[in-house]
Amino acid sequence: MNKSVALEINNVSKYFGSLAANKNVDLTVYRGEILAILGENGCGKTTLMNMIAGIYYPDSGTISVDGQEVVIRSPKDAFRHGIGMIHQHFKLVDIFTAAENIVLGVNDGKAYSIKEVNRRVAEIADKYGFHIDPKKKIYEMSVSEKQTVEILKVLYRGADILILDEPSAVLTPQETDKLFDVLRRMREDGKSILIITHKLHEVLSISDRVTVLRKGEHIATVDTVSTTSAALTEMMVGKKVELNIERPQPQNVCDRLEIKNLSMVDAEGVKVLDDISFTARSGEILGIAGIAGSGQKELLESIAGLCHPITGEIIYHNPKNGKTEDLRDKDPVAIRELGVRLSFVPEDRLGMGLVGNMDIVDNMMLRSYRKGHSVFVDRKKPGDLAKKIVEELEVSTPNTHTPVRRLSGGNVQKVLVGREIAASPTVLMAAYPVRGLDINSSYTIYGLLTKQKEKGVSVIFVGEDLDVLVELCDRIMVICGGRVTGILDGRNTTKEEIGLLMTKTARDAEETSTAKESADGENV
């Protein structure tokens, strides 16, 4: 049985100045299939998808839909040809309902009727197995519900070719399974689906074929059933890569940081941290798992002195003099003057991690400029550090004087992580340090975190990939809605157990805590 070609790309190239983002790429997508797009950071995956979706226009080459060559100069043109893209960062109006967001910008020549829109949205949702209330406001929705709205937006506009950029990045395992079930139903309905993802286990689980890009060029397209994670990684990188995370047993463990009954409210008076208590120990990696927006960011910012909790203690055990200090009322500078280096890799790498208009060397200097003893700035040490990070983490850049805003997202992340680890902290807090990184770079970062652990550093790792948390961390703390819902042994837990704790309510957490206290009392 011959497959029907939905989308075909021939010799497509895209240049940004002298840099070739894509070079003579060929790609074929069939009706009723799921095609995964793999490649290292900066290999041109997103650029290629953006050309299909009308965000960029190719410098050369052709795009054909259903055998007919088409010109796609805008997302509107893409929708006209049945192509829709679901971006990793949602583009929704919070105060509108799901149905209002879905119909926003649609001009089908018919009189607007929200009742009819609600009916059509519910009809599409039922067809593919989505669970969504068309009348629900966006600000009341979970992350998975918002993603559902984004997918329904393109389906409502009649898209038959869907592009999903890192669709599972912010979902729990259970939510990811539900999404994949929906995608399989869409495939059975004849939809063509392209997925950009860095998670190889998902690629092998959901896709029919896999296309690999390297340095802007098409390397190969293979059937999923006939390939492996190791083979795909070798195609992506161009050499064999060991995909093993080493987890040595913690040595000389002692309490380094004690968080006691920490609570915090945001600018609107909403409690974002609710009575958080835990201990981070030297020589171990403590993982923090939770759905996006559960308080991970606020927790790390509180410890780093970037925001102020309303109650609680942050007790630091200084390894140099054996004394303890409460960091809660100290600002970041005072914390550093105590000899405490709480290295912080924030979620927003260019917003609060690096300065986009500065080059790599200048961004290295941001951590050390206060130590200067003259009006002249010493650029040698930061320059050496910049070169070391570029070489060891294989940062793709013309030179160390390139503004970081010109680097791809993954390479920006490498610069940020490298700078933080180079600070030789006693407590290293890393929030999503591999977000947006390809698998080869990710495993490099995991190795660096393990080396810090072996040096006696207390590592606090906030991650999205539960498989990695289970393999990398010695203990895993799960938070939901600003509360701790469980602390698990990384060697004896499963990602399904973590996923359930990630969706627990505050009442569930209280009942679990009460039950545990009762059990502990009986065992005394």
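Points worth noting:
- Among the residues of region 95-114, those that are modelled with pLDDT of 90 or more and either not assigned by TED's automatic domain parsing to the domain that holds residue 153 or not aliphatic (A, V, I, L, M) (or both) comprise 96, 97, 100, 101.
- Every residue from region 302-320 that is part of a loop (DSSP other than H, G, I, E, B), more than 8 Å from residue 262 (Cα to Cα) and of a type outside the set (D, E, K, R): 304, 305, 306, 307, 308, 318, 319
- Residue that is surrounded by the fewest Cβ atoms within 10 Å (Cβ to Cβ), among those in region 1-25 that are within 28 Å of the chain's Cα centre (by Cα) and in contact (Cβ under 8 Å) with a residue 24 or more places away in the chain: 15
- Across region 433-471, the number of residues qualifying as under 21 Å from residue 203 (Cα atoms) and in contact with a Gly (Cβ under 7 Å, 6 or more places away or on another chain) comes to 8.
- Top-ranked residue in region 202-229 [being small (Gly, Ala, Ser) and not in a loop (DSSP other than H, G, I, E, B); ranked as surrounded by the fewest Cβ atoms within 10 Å (Cβ to Cβ)]: 226
- Residue in region 442-482 that is nearest to residue 500 (Cα to Cα), counting only those that are touching an Asp or Glu at 6+ places or on another chain (Cβ under 7 Å) and surrounded by fewer than 23 Cβ atoms within 10 Å (Cβ to Cβ): 475
- Top-ranked residue in region 115-149 [being outside any loop (DSSP other than H, G, I, E, B) and either in contact with a strand residue (DSSP E or B) (Cβ under 8 Å, 6 or more places away or on another chain) or on the phi > 0 side of the Ramachandran plot (or both); ranked as modelled with the lowest pLDDT]: 147
- Scanning region 60-82 for residues that are surrounded by fewer than 16 Cβ atoms within 10 Å (Cβ to Cβ) and in a helix (DSSP H, G or I) yields a count of 3.
- Restricting region 185-201 to residues that are in contact (Cβ under 8 Å) with a residue 60 or more places away in the chain and assigned to a helix (DSSP H, G or I), the residue that is farthest from residue 88 (Cα to Cα): 188
- Unique match (being under 27 Å from residue 464 (Cα atoms) and buried (at least 21 other Cβ atoms within 10 Å of the Cβ)) among 175, 140: 175
- Any hit, region 82-94, residues being over 25 Å from residue 213 (Cα atoms), touching a Leu at 6+ places or on another chain (Cβ under 8 Å) and touching a residue at least 24 places away in the same chain (Cβ under 8 Å): yes
- Taking the numbered list (1) under 25 Å from the mean Cα position of the chain (by Cα); (2) in a loop (DSSP other than H, G, I, E, B) in turn, residue 232 passes all entries but (2).
- Residue check for residue 168: small (Gly, Ala, Ser), outside any helix (DSSP H, G or I), modelled with pLDDT under 90 and touching a helix residue (DSSP H, G or I) at 6+ places or on another chain (Cβ under 9 Å): yes
- Here residue 474 meets each of (1) within 14 Å of residue 430 (Cα to Cα); (2) touching a Pro at 6+ places or on another chain (Cβ under 9 Å) with one exception, condition (1).
- Flag if residue 311 is touching a residue at least 24 places away in the same chain (Cβ under 8 Å) and in the same structural domain as residue 461 (by TED's automatic domain parsing): yes
- Enumerated strands (runs of 3 or more DSSP E) restricted to region 242-300, each holding at least 3 residues that are more than 16 Å from residue 485 (Cβ to Cβ): 255-265, 271-281
- Flag if residue 95 is in contact with a helix residue (DSSP H, G or I) (Cβ under 8 Å, 6 or more places away or on another chain) and surrounded by fewer than 20 Cβ atoms within 10 Å (Cβ to Cβ): yes
- Residues satisfying the stated conditions in region 131-180, i.e. of a type in the set (Asp, Glu) and more than 16 Å from the chain's Cα centre (by Cα): 133, 140, 145, 150, 160, 177
- For region 27-50, filtered to residues that are in contact with a Lys or Arg (Cβ under 6 Å, 6 or more places away or on another chain) and more than 12 Å from residue 161 (Cα to Cα), the residue that is modelled with the lowest pLDDT is 43.
The values are calculated or read from the model by the stated rules, or taken from the named source; none is laboratory data. Computed from a predicted structure; not experimentally measured. Counting neighbours? That spans all protein chains shown, and the Cβs are built from the backbone with ideal geometry, glycine included.
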